[in-house]
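Let me begin by presenting the structure, written as structure tokens, before commenting on it.
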There are 2 protein chains.
Amino acid sequence: MQTKIVLRDDQIPKAWYNVIPDMPGSLAPVINPRTGAPAAPEDLTPIFPMSLIEQEVSEQRWIEIPEEVRKVYQLWRPSPLYRAHRLEAALKTPARIYYKYEGVSPAGSHKPNTAIPQSWYNKQAGIKRLATETGAGQWGCSLALANSFFGIETTVYMVRVSFTQKPYRKNLMEVWGADVIPSPSELTEVGRRILEESPDTPGSLGIAISEAVEDAATHDDTNYALGSVLNHVCLHQTVIGLEAKEQLRMAGEKPDVIFGACGGGSNFAGIAFPFVRDKANGQDIRLVAVEPASCPTLTKGVYAYDYGDIAKLTPITKMYTLGHDFVPPGIHAGGLRYHGDSALVSQLRHEGIVDAVAYPQNACFEAALLFTRSEGIVPAPESSHAIKGAVDEAVRAREEGRERTILFCLSGHGNFDMTAYEDYLAGRLVDYAYPEELIRSSLANLPEVG
Amino acid sequence: MQTKIVLRDDQIPKAWYNVIPDMPGSLAPVINPRTGAPAAPEDLTPIFPMSLIEQEVSEQRWIEIPEEVRKVYQLWRPSPLYRAHRLEAALKTPARIYYKYEGVSPAGSHKPNTAIPQSWYNKQAGIKRLATETGAGQWGCSLALANSFFGIETTVYMVRVSFTQKPYRKNLMEVWGADVIPSPSELTEVGRRILEESPDTPGSLGIAISEAVEDAATHDDTNYALGSVLNHVCLHQTVIGLEAKEQLRMAGEKPDVIFGACGGGSNFAGIAFPFVRDKANGQDIRLVAVEPASCPTLTKGVYAYDYGDIAKLTPITKMYTLGHDFVPPGIHAGGLRYHGDSALVSQLRHEGIVDAVAYPQNACFEAALLFTRSEGIVPAPESSHAIKGAVDEAVRAREEGRERTILFCLSGHGNFDMTAYEDYLAGRLVDYAYPEELIRSSLANLPEVG
């Protein structure tokens, strides 16, 4: 009765899996917001290196992982796959539950899987500095960590309210050498304009994105890095699912259903995409994206062209969206508060290959607490969504009296989220009503394309 | 050029290593504080199960690890051993630096190595609840985690000033189901007496120990658990060094020098004791305990009989001590703020088998920052002491132009210590002067024994 399935260092995947050639339809083109025409690679060169732009549209199924990236991956990869024996016993389920644990990275989540290659490719392109935005700080930490390995400077525009209220991840970014700027700032034109209009603004992720993009676009030695949504980010995260597949094979298992938390989509893509081909080849397997009920992009949004940010600076992409000016309620799973979703996850959802389900946050924390008191690890609030999906599936298995094999991704630990647990234990956690009116009004503002 | 050396689950040690039979002299007897005579096992049965009392004095070199304890160890053990290639490069040293990383446990430190067996042995003895004390919360968290696996209740008396000022580890204990009480409390006689005398007291570890011991001694179904100092705690921690020895063997290495941070002594014992026999058998190897300059027990204390706590409730033990009423300055490495030291570590130090060195906290944080910016992992302030020892040794190797193999224990991560790093980066961290006067006066209060 094995608890932990471990791979050797030389079993870290040698190539990322690119789902694009295995999608039923061709990839919907991305639109340049200034011209209204399909975006060309050159449109992106001011902020991304060509190697990553190529990955964004590559039709190659396997893309080699550079040896130096694999060396850094080795610090925490291959990550362990666990059989959740104690959780199964607590649920009295005939289901076998496995979880892939990505909280073993120094930043505590799956984000370094893409931060490391993004930093490396930019280094190869001669870039000296990367600018990015961060909300609570998960992504900013991961990029700061990655850049510290490759000698690249990091500028993080951190949403001002998080900068002042949640200093711990800010400190962590600084420990790794990053320059952390409360956003909006005086450093950018967009920041100055917003500060002039509303000096007391708490800031927003949309503003911070705009500042980081402007910073990158206006400095020759500086590029921009994004922690989710984009195709190359989803690509890099497939190391998760590729390893998990091999580990399940070693345990003599094939998964019947896979759960991943889904905000921008890269974590879900990481665990699920490597199984898309098996599904295309006839394997009976469900791939379920789990999202918060208060930001139900895949379950309540529309499949349409929309902007990636509130300031309309980013390319227009076909995706499930709640409207680019929808601001989700302040749930603790900050990493899942995004109005849209990865183009790849969205298209797979539209084609019926990917399922989606949404849960309110109290139900997710309840599942997280059951998990941590049986398995020991304290999950990040984002990861608790995948746990809730797996727990419900295991309960159904019990009710139906049928075995099945469940896999989920435990994308990060909750060490920096203790106030969320405190609120839950004290009964102070709010389940926001489905923001129907807000979504209806923001969906009225979608751009007209094609 | 391997970065990480990993063992299989079936290579988790099957027995702990007991250093007692390999000590040059026999173990100095422990004195009952009430009778002044050597303590009998029965003196301890009100608060410890007989199995642990037996381990306290066992002459057996190898003590079998129960299968159920090994199963829980599997959640994070065997822990990885890393070759610090990037740190070596940053130091331009010919030394080869290896570190054993214990922060991979769900509690984030080495403490669960003993919390798990302590909880398990108490469960076997029919105990329903364990009482303990905690300062910043590292030990309280580890015991709460362990007890959650075996269905034992946890009562943690947490020093009041930490309870109010550092809520995160308190929340973590509660996530694992513990009942966390600010100490002094109304629940014990000693707590009530102190509150009556000084209602606004911030509390102290000495008071919290007294409350936990009283709680255990006055409830039949309740025992007490201690996170360091005692022989059985050092014994359980030897899994660290036993694994490291096997991992170094796989890398074709024998260590020339080993560093471990030393407060109560169990972390240092864990990494170093398994090499005591090699040293006795003629291997040229230095075992160096690293302590804070503001609490320099092994480097400036005396080897004498003293109490383990300020309230004189614990047995009188022969050890290096600064006096039981010495209160160390408020350094961030809270886990190293103990006036005394493990009897075993002390006796080995007295016999010249163990070396010791002391560093001020700014030097340790400087080493920690160098480490985290080259190796990625953010160390706990306690662990930074071992890093500083290793870094200095590596610099000496460079200056002497001589290779050597250095091993140190990275006992935990610093995720809950971000304010300490913030203070260091802002230049606010104080290096306390060596508290000579305080130590002189507390050393005047040693008990007269034998």
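Each value in this text was obtained by applying a stated rule to the coordinates, not by laboratory testing. Not measured: the values here are computed from a predicted model. Counting neighbours? That spans all protein chains shown, and the Cβs are built from the backbone with ideal geometry, glycine included.
Here are a few things to note about the model shown:
- Shown is the FRET efficiency for A:Lys254 and A:Asp423, computed with R0 = 45 Å from the Cβ-Cβ distance and rounded to the nearest 0.05: 0.70.
- Seen from A:Asp284, the other residues with C-beta closer than 12 Å to its C-beta sum to a net charge of +2, counting Lys and Arg as +1 and Asp and Glu as -1.
- Only Cα sites of segment B:122-261 enter the Debye sum here, all with the same form factor; the resulting log10 I(q)/I(0) across q = 0.11, 0.18, 0.21 1/Å is -0.48, -0.99, -1.21, listed in q order.
- The rule of thumb for compact globular proteins, 2.2 N^0.38 Å, goes into the C-alpha radius of gyration of segment A:1-114 1.46 times.
- Which listed pairs, of A:Lys123/B:Lys111; B:Lys4/B:Lys279; B:Lys14/B:Lys279; B:Lys279/B:Lys300, have C-alpha distances above 31 Å, in listed order: A:Lys123/B:Lys111
- 5 Å binning of all Cα-Cα separations within segment B:228-270, expressed as whole percents from 0 upward: 6, 23, 26, 22, 13, 8, 2
- When only alpha carbons are used to place a centre, segment B:18-46 and segment B:388-450 end up 30 Å from one another.
- The amide H of A:Ala380, built 1.01 Å from its N in the peptide plane, has A:Gly412, A:His413, A:Gly414 as neighbours under 5 Å, considering only residues 5 or more places off or on other chains.
- Neighbour count of at most 10 Cβ within 10 Å plus DSSP loop: longest trypsin sites (Lys or Arg not before Pro)-free window in chain A: A:93-427
- Values of log10 I(q)/I(0) for chain A across q = 0.07, 0.11 Å⁻¹ run -0.31, -0.81, by the Debye formula with one identical scatterer at each alpha carbon and no solvent.
- For the protein assembly as shown, the C-alpha radius of gyration sits at 0.95 times the compact-globule guess of 2.2 N^0.38 Å, with N the residue count.
- All Cα pairs of segment A:283-332, percent lying beyond 18 Å: 41
- Model label zone, A:Asp431; criterion: amide N under 16 Å from point 7 Å along Cα-to-beta-carbon; scope segment A:286-313: A:291-296
- Here's how it looks for B:Glu153: its modeled amide H is under 5 Å from those of B:Arg129, B:Leu130, which are all 5 or more places away or on a different chain.
- Ascending count of other beta-carbon atoms within 10 Å, so fewest first, for A:Leu230, B:Leu446: B:Leu446, A:Leu230
- Order of A:Thr3, B:Thr222, B:Thr372, B:Thr45 - criterion: other Cβ atoms within 10 Å of each residue's Cβ, fewest first: B:Thr45, A:Thr3, B:Thr222, B:Thr372
- Fluctuation leader among B:Ser58, B:Ser198, B:Ser183 - chain B, Gaussian network, Cα springs under 10 angstrom: B:Ser198
- Percent of C-alpha pairs per 10 Å bin in segment A:328-450, short distances first: 11, 35, 34, 17, 3, 0.
- Computed helical MRE - 222 nm, the protein assembly as shown, DSSP H runs ≥ 4 contributing -39500 (n - 2.57), nearest 500: -11500 deg cm²/dmol
- Label-reachable residues, segment A:326-357, where backbone N falls under 20 Å from a point 7 Å from A:Val161's Cα toward its Cβ: A:326-340
- Amide H contacts under 5 Å for B:Tyr359: B:Glu291, B:Ala293, restricted to partners 5 or more places along the chain or on a different chain, H placed in the peptide plane at 1.01 Å from N.
- Identity and axial distance of the chain B residue whose Cβ lies nearest the axis relating B to A, Å: B:Asn415, 2
- Neighbour counts of C-beta atoms inside 10 Å place A:Thr238, B:Thr201 in the sequence B:Thr201, A:Thr238, starting with the fewest.
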